[in-house]
Amino acid sequence: MGQRFRRGLVVGKFSPLHRGHEALIRGAQDSCDDLTIISYSKPEFAGCEASRREQWLAELYPSARRLVVTDDFLREHTRPNAEFTAVPANNAPDAIHRDFCAFLLETFAQTDVDAVFTSEDYGAGFADHLTERLRSRRQHATSVEHVSVDPDRSMIPVSGSQIRTDVHAHRNWLSPCVYAGFVQRICILGGESSGKSVLAQALAQRFNTAFVPEYGRELWTAKEGRLVYDDMLEIARCQIEREQSTARNAARYLFCDTSPLTTLFYSLDMFCRADVALERLALVSYDLHVLCAPDFEFVQDGTRRDAEFRLRQHHWYLEQLGRIGVHYLLAQGPVQTRVDQIAARLARATNES
């Protein structure tokens, strides 16, 4: 790819975005002054929804012009008589996909391209089609070149369909920010001295993965118990940020010691109010909620209240999880029994998926 181009184009489902795609896009960026990336898929694939693809592309290619298109996007941004008002199906004829990409360039990117970069057989025909569209508007427009990148997958022998058969087995073909989206997050809740932290660590050891400690406890210790109202939202936000960061280094599962729902409880208990943003964060979803039963002797470590407070917390969690319609696993008994209960639930979920 020694030739230099003004404006290039890469199109893909990116379901998921893998190292092969990255090599293609990186090569296009190195060969172009300006790059447009178009992504669409109909139907979309589980775990590769448009919002996730946009996040992946934004993080890895912030300088590129990115266009992740859905039916909702087109309904919102096109007129009823537009050439396209819906995304074509993945199995639609090549000519329709070529016209659709040209339409997107003309309508949203508002630019022409002089090169398309692909690893597929359709690339040459796609470039010819774009040239015809260009010349229908400007008779003397230059030809769109096709740049073929590793078409036989000899440099990076992987495909999206291959990865989708088992994302975790093929995680080395994915950037950490992409793989993190496939990690299942398990939230562990419970009152004070109900075994949350010990359980999170035990589960991480059982599954050879990572866990996220409770940031609120760390801040409480650092400030010697003198938390203020504004700390509550900071705790919730930091907890979520740590989850997102740690998921990049997890393996299949990430065990989270508390969630913003815990912070909401303490905000209401300590200050009789909660920030609206905290209330929203408290609704963040997890793949599984685990509620630790207060079924063993309360242990005072110098930062906790008492057994009565623990029981009040437990009933509050029961009420809140019921109110928002969250199904949860009640973990009971010794630590190993709880680990086995959760492992069995996760195994069932995997077999049913």
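The values are calculated or read from the model by the stated rules, or taken from the named source; none is laboratory data. Everything numeric here is computed off the predicted structure, so don't read it as measured data. For neighbour counting, all protein chains shown are included, and Cβ atoms are generated from backbone atoms with ideal geometry for every residue, glycine included.
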Filter result for the condition that a residue is assigned by TED's automatic domain parsing to the domain that holds Leu318, aromatic (Phe, Trp, Tyr) and more than 25 Å from the chain's Cα centre (by Cα), over Tyr266, Tyr253, Tyr286, Tyr215: Tyr266
Tally the residues that are surrounded by fewer than 16 Cβ atoms within 10 Å (Cβ to Cβ) and among the hydroxyl-bearing types (Ser, Thr, Tyr), restricting the search to the range 108-144. 5
In this structure, does Arg53 turn out to be more than 19 Å from Ala127 (Cα to Cα), at pLDDT 95 or above and either among the basic types (Lys, Arg) or in the same structural domain as Phe126 (by TED's automatic domain parsing) (or both)? yes
Can you name every residue in the range 167-194 that is among the aromatic types (Phe, Trp, Tyr) and either more than 15 Å from the chain's Cα centre (by Cα) or part of a loop (DSSP other than H, G, I, E, B) (or both)? Trp173
Give just the number: which of (1) surrounded by fewer than 19 Cβ atoms within 10 Å (Cβ to Cβ); (2) farther than 27 Å from Arg7 by Cα; (3) at pLDDT 90 or above does Gly181 not satisfy? (1)
Tally time: how many residues in the range 22-41 are under 19 Å from the mean Cα position of the chain (by Cα) and touching a residue at least 40 places away in the same chain (Cβ under 8 Å)? 4
Can you tell me which residue within the range 218-249, out of those that are among the small types (Gly, Ala, Ser) and exposed (fewer than 15 other Cβ atoms within 10 Å of the Cβ), is nearest to Trp56 (Cα to Cα)? Ser245
Answer from Pro88, Pro62 - the residue that is within 25 Å of Arg6 (Cα to Cα), part of a loop (DSSP other than H, G, I, E, B) and not acidic (Asp, Glu): Pro62
For Glu76, indicate whether it is of a type outside the set (Phe, Trp, Tyr) and assigned to a helix (DSSP H, G or I). yes
Against the condition under 24 Å from Arg19 (Cα atoms) and among the aliphatic types (A, V, I, L, M), how does Ala102 come out, does it pass? no
Take the residues in the range 91-125 that are in a strand (DSSP E or B) and among the aliphatic types (A, V, I, L, M), then tell me which one is farthest from Gly12 (Cα to Cα). Ala115
Would you please name the residue that is surrounded by the most Cβ atoms within 10 Å (Cβ to Cβ), looking only at residues in the range 273-313 that are at pLDDT below 95 and assigned to a helix (DSSP H, G or I)? Gln313
Taking the conditions exactly as written (surrounded by 14 or more Cβ atoms within 10 Å (Cβ to Cβ), aromatic (Phe, Trp, Tyr) and touching a strand residue (DSSP E or B) at 6+ places or on another chain (Cβ under 8 Å)), does Tyr215 satisfy them or not? no
Any idea which of Leu264, Leu233 is in a helix (DSSP H, G or I), within 15 Å of Gln320 (Cβ to Cβ) and at pLDDT 95 or above? Leu264
Failed item in (1) crowded, with 20+ Cβ neighbours inside 10 Å; (2) farther than 22 Å from Tyr317 by Cα; (3) in the same structural domain as Thr337 (by TED's automatic domain parsing), with Trp173 passing the rest: (3)
